[in-house]
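The values are calculated or read from the model by the stated rules, or taken from the named source; none is laboratory data. Because the structure is predicted, anything quoted here is derived from the model rather than measured. Positions of Cβ are backbone-derived with ideal geometry, glycine not excepted, and every protein chain shown enters the neighbour counts. Note: accessible area is taken over every heavy atom of the protein model, side chains too, but ligands, DNA and RNA are not part of it. Shrake-Rupley method; radii C 1.70, N 1.55, O 1.52, S 1.80 Å.
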Amino acid sequence: MASVDTRFGGIVPVLAAAVLWGTVGPAQLVADADVSLVSLGACRMLLGGAVLGLFTVRAAGLRTLWRPATRWWMLAGILVTAVFQACFLEAVDRTGAALATAVTFGTVPVITGLYARWLEGERARVVWWCGTACSLVGMGLLLVPGAAARVDVVGVLLGIASGSSFGTYIATTKQLARCGADTAAAAPMSVLCAGVLLSPWLIAVPDGLAAPRALLLTGWLALGTTALGYLLFARGVTRISAATAGTLSLGEPLVATVLGVVLLGERPGAVAACGAVLLLGGLAVVSLPSRVRPAPDGVEPAVAAVGEGTAEQPLSRGGAPEAGPGRARSRP
């Protein structure tokens, strides 16, 4: 009974985090703030990263991030976090919340699988290849000219770039964990430092950031989807298997799609809709658990394999993923 309560205590916060992250694109479009999207992303990361740091960062953990063995992985993580933020917000603006989120997080499993093969020599399972094929075909359909009024090639490519950046960050945080870095400190520091990296846009293009709509949007993205989303995810992900976390992470593109259709009136054409379905289908397939033999006492291992057939670390989206040794992996 206790194990059931523990598992349920993990499912609820992880699912809540996925729902929060799924509101990023719709909130951006609903607010319709006349601001530079890069400047908006910088504000989100600076504020969200600072709040996260207050709750999770300790001096001892910070020191582990800048050792000779970890500093280059940390710098790479900061860079791709900044790229993810800028590309994702621009993709939402160009293609709409539903399709931008589908493209971004349909790309992530493909990239993480390739990094697992390159950096760790892991062999992909057949189910991963099937999911990857679905994602690639789906993205190809979204690139078809005239597939939908709001879908353009640049927007889709930006979504792919943001998904690739997110997948790259997962790989870097895995390497940080392998090198002994405190990944609980790495995630908020990556968000905060990426905000600093993009901060010149705040000086170059500050117009509209002080407007009420922009302030409300920045507050929600920073405090709701970044700080609160991360804290919920970190609390629940260690209590559930990798397979469960991967499946729950599908809530993010699902929420974005539902909000895009219901609140924003997004109506992608038939070809684009088929592409989005294939992307989400591919993401679902790579989230399926692999078959594992039960332990001698009949109890299944606590952590199942996901996607490419390995146990991954937890990650935080909506700003930055997070990983820790021996923990489970989620989804953008």
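Scanning region 279-289 for residues that are within 30 Å of Ala184 (Cα to Cα) and open to solvent by less than 20 Å² (accessible area, probe 1.4 Å), we see that the one that is modelled with the lowest pLDDT is Ser287. Picking from residues in region 29-57 that are within 21 Å of Ala181 (Cβ to Cβ) and modelled with pLDDT of 85 or more, the one that is surrounded by the fewest Cβ atoms within 10 Å (Cβ to Cβ) is Leu54.
The set of residues in region 234-278 that are modelled with pLDDT of 75 or more, assigned to a loop (DSSP other than H, G, I, E, B) and open to solvent by 60 Å² or more (accessible area, probe 1.4 Å) contains only Leu263. Among the residues of region 192-233, the ones that are in a helix (DSSP H, G or I), at pLDDT 90 or above and among the polar types (S, T, N, Q) come to 2 in all.
Each residue in region 62-109 was checked for being at pLDDT 85 or above, part of a helix (DSSP H, G or I) and open to solvent by less than 30 Å² (accessible area, probe 1.4 Å), and 15 pass. State whether the residues of region 151-159 include one that is modelled with pLDDT under 85 and either on the phi > 0 side of the Ramachandran plot or open to solvent by 40 Å² or more (accessible area, probe 1.4 Å) (or both). Yes, region 151-159 has at least one match.
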